[in-house]
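The values are calculated or read from the model by the stated rules, or taken from the named source; none is laboratory data. Fair warning: this is a prediction, and the values are worked out from it, not measured in the lab. No Cβ is skipped: glycine too gets one built from the backbone with ideal geometry, and neighbour counts run over all protein chains shown. SASA here: full protein model, heavy atoms, side chains in, ligands and nucleic acids out. Shrake-Rupley method; radii C 1.70, N 1.55, O 1.52, S 1.80 Å.
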Amino acid sequence: MGKNFRETLYDQMKDPEFRLEWEALEPERQIIRAIIEGRQLNDLTQQQLAAVTGIAQADISRLENGTGNPSLRTLKRLAAGMGMRLKLEFIPNNGGQR
């Protein structure tokens with residue numbers, strides 16, 4: 001029987017190059033999760049969210065599957081369409097070191 005996603009990821013994280021790339025993509029994964037979870041929390045389909053935001057359903061789908069690159073304006077529209085507000089923050093990396 002094949003490995004599941006978590007087992008495969010665990011094995012791949014042992015590779016330092018893979019680990020760096022995976023960690024670099026964390027903000028994108030957070031955006032994807034926030035859109036999907038916000039939509040589900042509000043019991044909205046992609047089509048319904050598209051109707052209230054004016055953002056095409058196909059574009060929402062691309063954002064949720066990670067092939068879109070949303071602007072700040074788009075994220076604000078999505079948040080408003082889900083009855084939420086957008087919060088972005090910069091956090092120190094390695095104790096504030098650059």
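In the range 55-73, the qualifying residues are those that are within 21 Å of residue 87 (Cα to Cα) and small (Gly, Ala, Ser), and the one that is least open to solvent (accessible area, probe 1.4 Å) is 68. Scanning the range 17-54 for residues that are out of contact with any Pro (no Cβ under 9 Å at 6 or more places or on another chain) and of a type in the set (Val, Ile, Thr) yields 32, 36, 45, 52, 53. Among residues of the range 39-80 being assigned to a loop (DSSP other than H, G, I, E, B) and under 27 Å from residue 22 (Cα atoms), the one that is farthest from the chain's Cα centre (by Cα) is 71.
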